[in-house]
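Worksheet: one structure, shown below.
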Amino acid sequence: MTTEQSGSANEGLTGFAHVPVLLEEALELLDLQPGKRYVDVTAGAGGHLLRIAEKVASGDAQHPSVIGIDRDEQSLRTLATKVPAGVQLIHSNYEDIRSAISKYGINTISGGIIADLGVSSMQLDDPYRGFSFLRDGPLDMRMDASQVVTAAEIINNLSEFDLAEIIFRYGEERHSRLIARNIVKARPLKTTLELAEIVSRSLPRNKKKGTARDTSHPATRTFQAIRIAVNTELSSLERFLNEAIDLLEPGARIVVITFHSLEDRLVKQIFKRASIDCVCPPRQPVCTCDHKSKLLIITRKPVIAEEKEVVANIRSRSAKLRAGEKLG
Ligand SMILES: C[S@@+](CC[C@H](N)C(=O)[O-])C[C@H]1O[C@@H](n2cnc3c(N)ncnc32)[C@H](O)[C@@H]1O
């Protein structure tokens, strides 16, 4: 498994502003054209969005040429002070992209849609958000603070079996059962460092310290798993990708940057399905599905960060970018 962006042992200690990943590559693949409309569904600190706006923003907030969506209202409030005219910011889950943009009378996207998945440095660096295993904070991990379910609810209420399932499925953690057993024994848990300590204690000695190649903190996989469960990330991503491909006008593009293999696999599968003419079972002699390809995959292999970007920004080391263009 490739590691999640929060996987570095240095995670959460930088305190730096969010540095956008694969920025130039993403902008080039979006093929920005003035007069067309673009949506950044993970606006965050605006790293990608502000550059898109620089090139194509026009109109006003009611007739925007650039739309930024984010689930995190706090990030949007900060970003709102920086965006030029012609940009509209919307607080929404990207899985609801269709209804979010329809409020502005928009039903199709002429230019493109970009998603840069996962958490931002601001979210990771703020201990009160509960994403960090290096800074103590409440077990929260909600990207949207108005959501009811927190990490504490999941960790303190789920059965040992269900916890192990989550840690195994969303963290691809081989020691999930032992971790779940130790969590249940220590409940109730309140803070991120309590959880990180229990995970470290549950791993065999040789897994506790990263090797030269893998500097992951031992709690990386478990934190990733709980975060995915709290924010129902994979089902949101699946729904978003299908909606986004449908919303694109012919020639418009979709660019998605992922940070771990579960996300990348999903993007690859959905792009592939959208790019083929028949989805009938392989042994079926005659096609009955009526499926038509609607996406041209532009990146046969995912684009990854160059060495110099990885050195400058450790978050980029696990990033993979895939892009497609809507067919006519
Ligand atoms: C990696 S950051 C994006 C950073 C941004 N591209 C930049 O350069 O500043 C991911 C952002 O996506 C948001 N996000 C994650 N899941 C989301 C979802 N389902 N719907 C909307 N926003 C989401 C997070 O709140 C976070 O702000």
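The values are calculated or read from the model by the stated rules, or taken from the named source; none is laboratory data. The shown structure was predicted, so the numbers you read here are calculated from the model rather than taken from an experiment. So basically every Cβ, Gly included, is an ideal-geometry build from the backbone, and we count neighbours across all protein chains shown.
Would you confirm whether any residue within the stretch 157-178 is assigned to a loop (DSSP other than H, G, I, E, B), buried (at least 20 other Cβ atoms within 10 Å of the Cβ) and touching a residue at least 40 places away in the same chain (Cβ under 8 Å)? Walk me through it before giving the result.
Narrowing the stretch 157-178 to residues assigned to a loop (DSSP other than H, G, I, E, B): 158-159, 172-175.
Still in the list and also buried (at least 20 other Cβ atoms within 10 Å of the Cβ): 173, 175.
So of that shortlist, the ones also touching a residue at least 40 places away in the same chain (Cβ under 8 Å) come out as 173.
Checked the stretch 157-178: at least one residue is assigned to a loop (DSSP other than H, G, I, E, B), buried (at least 20 other Cβ atoms within 10 Å of the Cβ) and touching a residue at least 40 places away in the same chain (Cβ under 8 Å).
Tell me, which residue of the stretch 141-156 that is over 13 Å from GLN224 (Cα atoms) and of a type outside the set (A, V, I, L, M) is surrounded by the fewest Cβ atoms within 10 Å (Cβ to Cβ)?
The residue in question is SER146.
Is at least one residue of the stretch 1-13 among the charged types (D, E, K, R) and at pLDDT below 95?
Restricting attention to the stretch 1-13, the residues satisfying the condition of being among the charged types (D, E, K, R) are 4, 11.
Filter once more, so that each one left must be at pLDDT below 95: 4, 11.
Yes, the stretch 1-13 contains at least one residue that is among the charged types (D, E, K, R) and at pLDDT below 95.
Out of the stretch 96-108, which residues are away from the ligand (no atom under 16 Å from the Cβ) and either of a type in the set (S, T, N, Q) or in contact with a helix residue (DSSP H, G or I) (Cβ under 7 Å, 6 or more places away or on another chain) (or both)? Steps first, answer last, please.
Within the stretch 96-108, the first condition is being away from the ligand (no atom under 16 Å from the Cβ), and the residues that meet it are 102, 104-108.
Those that are away from the ligand (no atom under 16 Å from the Cβ) and either of a type in the set (S, T, N, Q) or in contact with a helix residue (DSSP H, G or I) (Cβ under 7 Å, 6 or more places away or on another chain) (or both): SER102, ASN107, THR108.
Restricted to the stretch 127-152, and to residues that are touching a residue at least 60 places away in the same chain (Cβ under 8 Å) and outside any loop (DSSP other than H, G, I, E, B), which residue is farthest from THR222 (Cα to Cα)?
Applying the filter and picking the extreme gives PRO127.
Which one is nearest to GLY118 (Cα to Cα) among residues in the stretch 243-263 that are within 16 Å of the ligand (Cβ to nearest atom) and among the β-branched types (Val, Ile, Thr)?
Out of the qualifying residues, it is THR258.
Just one of ALA196, ALA225 is within 17 Å of the chain's Cα centre (by Cα), among the aliphatic types (A, V, I, L, M) and either part of a helix (DSSP H, G or I) or surrounded by fewer than 23 Cβ atoms within 10 Å (Cβ to Cβ) (or both); which is it? Before the answer, list the steps.
Working: ALA196 fails: within 17 Å of the chain's Cα centre (by Cα).
The match here is ALA225.
Could you tell me which residue of the stretch 55-95 is farthest from the ligand (Cβ to nearest atom), considering only residues that are charged (D, E, K, R) and closer than 22 Å to LEU248 by Cβ?
Taking the stretch 55-95 as the starting set, the residues that turn out to be charged (D, E, K, R) are 55, 60, 70-73, 77, 82, 95.
Imposing the further condition that a residue be closer than 22 Å to LEU248 by Cβ reduces the set to 55, 70-71, 95.
On the way: LYS55: 15, ASP70: 5, ARG71: 4, GLU95: 6 Å.
Step by step, filter the stretch 55-95, then rank; the result is LYS55.
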